[in-house]
Amino acid sequence: MKPKKLSKQSFLQRVLSGQLKTDQALARLTEQLHRYEKQYNMRSEVFYKLIVGTPAEDHPDFLAWAICYRSYFRVLQAQLSAEGASALAP
């Protein structure tokens, strides 16, 4: 059975509220980034540098890709912050 697709906003809310573990969130975002990279034959890093701030960013696919890319780094940063905080705890 295929898992239910979440909207980006719902996905982020679940991650931030703790309903979705950061490892799961990173896995889903990575999977989505790989789909875009395969579809457009371009690495996400290159895409993001080329597209952000241009009129092409308004294309629905490109907008979704950019949001996914930014979300990946937000979740990764949250995970690293949590790991750093737990390492400092007595």
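Where a number appears in this text, it was derived from the coordinates with a stated rule and is not lab data. All values reported here derive from a predicted model rather than from experimental measurement. A quick note on method: Cβ atoms are made from the backbone with ideal geometry, for glycine too, and the neighbour counts reach across all protein chains shown.
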Where labels lie 7 Å past Cα in the beta-carbon direction, separation of Val46 and Gln24 in nm: 3.4
In region 23-82, which trypsin sites (Lys or Arg not before Pro) are in a loop and have at most 15 other Cβ atoms within 10 Å, using DSSP for the loop call? Arg43
Scattering curve values for region 23-83, log₁₀ I(q)/I(0), Debye with Cα scatterers, q = 0.13, 0.19, 0.21 Å⁻¹: -0.34, -0.68, -0.80
Please compute the length gained on full extension between Ala56 and Lys38, using 0.36 nm multiplied by the number of residues separating them and subtracting their Cα-Cα distance. 4.6 nm
For labels at Leu63 and Gln79 in the simple 7 Å Cα→Cβ model, what's the distance in nm? 2.8
